[in-house]
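Quick note: the coordinates plus some simple rules give every number you see, no bench work behind them. Predicted model only: the values in this text are computed from it and were never measured. Glycine gets a Cβ as well: all are built from the backbone with ideal geometry, and neighbour counts include every protein chain shown.
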Amino acid sequence: MASSRSIITAVMIISLLINAALAPLTFMFWLKNQRLMETINVLSQEVNRLSDDVNLLIQELNLTKQQLEYYRNQVNYYSSLIERGEGNLTIYGLSDVNLVAVKAIPKGLFSVVYEGVTLKCNVELIVGAGRILVNTSPKIGIDLQASARTAVLVAEKYTEVSLAKVDVIISIYADEPVDVVDGPSAGAAITSAIIAAIRGDKLNSSVYITGTINADGSIGPIGGVVEKAIAAAEAGGKLFLVPVGQSKVLVRVLKEYQIAPGVSVVVYRYKEVDLEDYLNEQGYKIRVVEVGNIEEAYRYLIESG
C-alpha cells in the first residue's frame, strides 16, 4: 500500500513538474497566437487600404482612357471633314446651364480621392468669325476645347443654323479653384446651352446632365456617375440625366468577417445598384433618367411653362 502511494505521489510530482515546465511554453504559444491575430488584423486593414488605393487608381485610369478614346474619335471625325458649309446668318444669344464634374482631392503623398462638383456654364453668341472661346473663372483644370467644337457642330445640325459668322463664348464658373478630371463629360450640357442660346430657350436650373457629345448627336458614357449625382442632388437638382446604361452603378459595400473570438476582418465588396434607389437610400431626392442623344436630353432640359 505504501509503495502504491509512493508511486502515485511520484507520478503527481512528475505531472506537476511537467505542467510547470510546459506552462511557459504554453503561455509563449498563446502570446504568439495573440500577436499573430493582431498582425492578421493589421495586415487586413492594410489590404483594405491598398484595395481602396487600387480602386481609385483604376477609376482614374478609366477616366483617362475614356477621355483618350473621346479625343481619338473627335480627331478621326475632324480629319475626315473636307469642307464645312458657311452661312450668312448673324445672331445673338445667351444661355446658362449646370455642369457637374469630378474633382481630384490629394490625400497624403500617394493617395487621391474623387468628389463631385457643380459648376455654372454661360454661353454667349456674338457676331464674329466662327471662333470658339473658352473662359474659366477661377482656375479650373478642365479641357473643353475638343468637346466645345463638337458641341457647336451638333448645335448647328440640331437647329439648322450656321454659326460660321458667330463667335461662341463659353464661360465656366466655380466657387473656388478646382482640379476637374473629366472635361469631356460636359459636352452634352454645353451643346444644350448652345442650342438654347440659338433658339432663345431657357434651360431648367433644377436639371443636371452628364455625358460626352459625339458628332452624330449621341451622348457617350462618362466616369464618376455616383459622385456627380450626389453633387447635383446637394446643389438642389431634381433631375439627373445620364448616358444610356449608366443608371446602374457599382457601389462599395462594407462586410465584416469574424475570424476568431474578438478578431474580425473588414473588407469591401462592390455590387451593382440602381443609381436613383441608391441616392434615395442616402437621403437624396433626385430622379435619374437615361438619355441617348441630344434631342432626348434637350426635351428634359428645356424649362416648361
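The table below gives the values:
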read-out	value
Residues T210, T9, T159 arranged by fewest to most Cβ contacts within 10 Å	T9, T159, T210
Exceeding the 21 Å Cα-Cα cut-off - candidates K103/K228; K139/K238; K107/K238	K139/K238; K107/K238
For the range 193-305, the Rg and Dmax computed from alpha carbons only, in angstrom	18.2, 69
Unit charges at the beta carbon, dipole of the range 80-301: most positive-side option, V112, Y284, G237	V112
Charge dipole magnitude, Cβ of K and R +1, D and E -1 - the range 80-301, Cα centre, debye nearest 20	220
Highest average packing first - 93-106, 280-293, Cβ atoms within 10 Å	93-106, 280-293
Residues of the range 116-149 with amide N under 12 Å of a point placed 7 Å along Cα→Cβ from Y173	119-123, 137-138
For the range 93-193: span of alpha carbons on each principal axis (Å, largest first)	50, 21, 19
Chain lengthening between N48 and K139 when straightened (0.36 nm per residue, less Cα-Cα)	29.3 nm
Dipole magnitude of the range 171-290 about its Cα centre (Cβ charges: Lys, Arg +1; Asp, Glu -1), debye to nearest 20	240
Most positive-pole-ward Cα, G128, G211, V263, against dipole of the range 80-301 from beta carbon charges	V263
Cα pair distances exceeding 32 angstrom across the range 80-301, given as percent	24
